[in-house]
Structures are given as C-alpha cells and as structure tokens.
Amino acid sequence: MHVQKGRIYCIYMNTTKVIFNIPTMVKNAAARRAKHEGLTLTTIFTQAARAYGAGELDVQAIDVRPLRPSVVRAIKKVIVDAERGINVSGPFSLSESEKHLRNFMR
C-alpha cells in the first residue's frame with residue numbers, strides 16, 4: 001500500500017491546504033504579533049476563517065490607493081465651498097431628487 005506524504009494526517013485531522021498571496025509586510029506584521037502572543041500564523045488564519053464562516057467576523061473591502069492630486073484638490077474645494085455655503089444645493093425631497101436625476105437621462 002502506497003500512502004502520499006501527509007495524506008494520513010489530512011484524513012485524520014480533516015484539514016486542507018490553502019495557498020494565497022498576501023503582502024509581505026502584512027504577513028510579517030501578523031507573524032510577529034502571533035509569535036509575541038505565543039501563537040502560530042496558521043492558528044491566526046484558521047481562527048479568522050472559522051469566525052468568518054460562523055458569521056462572527058465581518059470584513060469590509062476598502063480601497064487604500066492614494067487619490068490623484070487633482071481629486072484631492074477637488075474634494076478640498078467642495079469641503080471649503082460647503083463650509084461657506086456656496087455651490088451647494090439641497091437638501092432635496094425624494095420627488096425632487098427623482099426629478100433632478102430624470103433631467104440627466106434626457
């Protein structure tokens with residue numbers, strides 16, 4: 001009988017191998033913290049996956065790319081205008097908002 005290396009372990013422990021890419025800095029920071037707390041990185045990932053599967057962990061996807069300088073300037077201008085009360089419209093009622101949006105569709 002020929003048994004693949006690790007196969008018996010997987011059968012009895014009911015485990016599977018997961019391979020994914022993660023930024024090196026993120027992995028290293030997690031590994032350092034896990035080691036400091038006396039845990040392995042495998043334990044951290046397993047517990048996180050278990051909590052997520054059980055609905056006890058919510059994850060929000062965020063975009064952390066920096067904004068282009070022109071977008072930053074535009075946002076700052078909008079904030080300054082809003083503080084001064086210029087170039088601002090609204091608040092709108094639902095019917096006014098719908099009417100305003102329909103005008104864009106023409």
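All of the numbers you see were taken from the coordinates with simple rules; none came from a lab. Predicted model, so just to flag it, every value in this text is computed and none were measured. Cβ atoms come from the backbone with ideal geometry, glycine included; neighbour counts cover every protein chain shown.
General observations
- Full extension of the chain segment joining residue 81 with residue 49 gains 7.0 nm, where the gain is 0.36 nm per residue of separation less the Cα-Cα distance.
- Within straight-line cross-link reach of residue 27, lysines at Cα separation under 28 Å, skipping those fewer than 8 residues along the same chain: 5, 17, 35
- Highest average packing first - 59-71, 75-87, 35-47, Cβ atoms within 10 Å: 35-47, 75-87, 59-71
- With Cα atoms as the point set, the radius of gyration and Dmax of segment 7-53 evaluate to 12.5, 34 Å.
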